[in-house]
Every structure is written in structure tokens, then in C-alpha cells.
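The values are calculated or read from the model by the stated rules, or taken from the named source; none is laboratory data. A quick note: this is a predicted structure, and the numbers were derived from the prediction, not measured. Here the Cβ positions follow ideal geometry from the backbone for every residue, glycine too, while neighbour counts run over all protein chains shown.
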Amino acid sequence: MADDDYDRLFDLGFADCTLGTENGRGLVIAAREAWDYDSAVRSVNEALGRAGFPVTGVTRDEPGITT
């Protein structure tokens, strides 16, 4: 992701996310408050779509597991 991408995502409400790249693709690690996991994922996916970033996959970190 370019610096402009980071700025645009931050301005669009992604302050609760860690943004980066992995294997040449944008990476968003979200810590979003929601009623449940599915609602949080839907919220992030919809916001990324509105920002013009397609979502190609979702990975769930299991609580209590660190890597």
C-alpha cells in the first residue's frame, strides 16, 4: 500500500486497524467493536469496499493465541 492509501483508510475510520502489506498485498488487522464476530467482519469489509479496496480473504485469530 502507498502512503496515500494509509491516509485514506485512516480518514475513513480505520483508526482501529493496523494496516500493512504482506506478500505484496494490503493487510488490515482489525480490532473493531461489534455485537459479534460476523458483524465486525461485515463492518470492515463494507468499509473497505466503500474505500475502493476489494477484500480477498478473512482470517480469524483465535483468542489467547499469539504468533
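For Thr21, all conditions in the list (1) assigned to a loop (DSSP other than H, G, I, E, B); (2) over 11 Å from the mean Cα position of the chain (by Cα) hold save one; what is the number of the exception?
It fails just one condition, (1).
What tally of residues in the stretch 25-54 results from selecting those that are in a helix (DSSP H, G or I) and either charged (D, E, K, R) or out of contact with any strand residue (DSSP E or B) (no Cβ under 9 Å at 6 or more places or on another chain) (or both)? Full working, then the answer.
Filtering the stretch 25-54 for residues in a helix (DSSP H, G or I) gives 37-50.
Retained after the next criterion (residues that are either charged (D, E, K, R) or out of contact with any strand residue (DSSP E or B) (no Cβ under 9 Å at 6 or more places or on another chain) (or both)): 37-39, 42, 45-47, 49-50.
Total meeting the criteria: 9.
Do any residues in the stretch 23-39 that are farther than 14 Å from Val55 by Cβ and of a type outside the set (Asp, Glu) have Cβ atoms under 9 Å from those of residues that are in a loop (DSSP other than H, G, I, E, B) and modelled with pLDDT under 85, where the two are at least six apart or on different chains, and which pairs are they?
Tyr37/Arg60; Ser39/Arg32
Looking at (1) surrounded by 10 or more Cβ atoms within 10 Å (Cβ to Cβ); (2) free of Cβ contacts under 8 Å to residues at least 40 places away in the same chain; (3) aliphatic (A, V, I, L, M), can you tell me which one Ala51 breaks?
(2)
Hey, could you check the stretch 28-48 for residues that are surrounded by fewer than 13 Cβ atoms within 10 Å (Cβ to Cβ) and among the hydrophobic types (A, V, I, L, M, F, W, C) and say which is modelled with the lowest pLDDT?
Ala31
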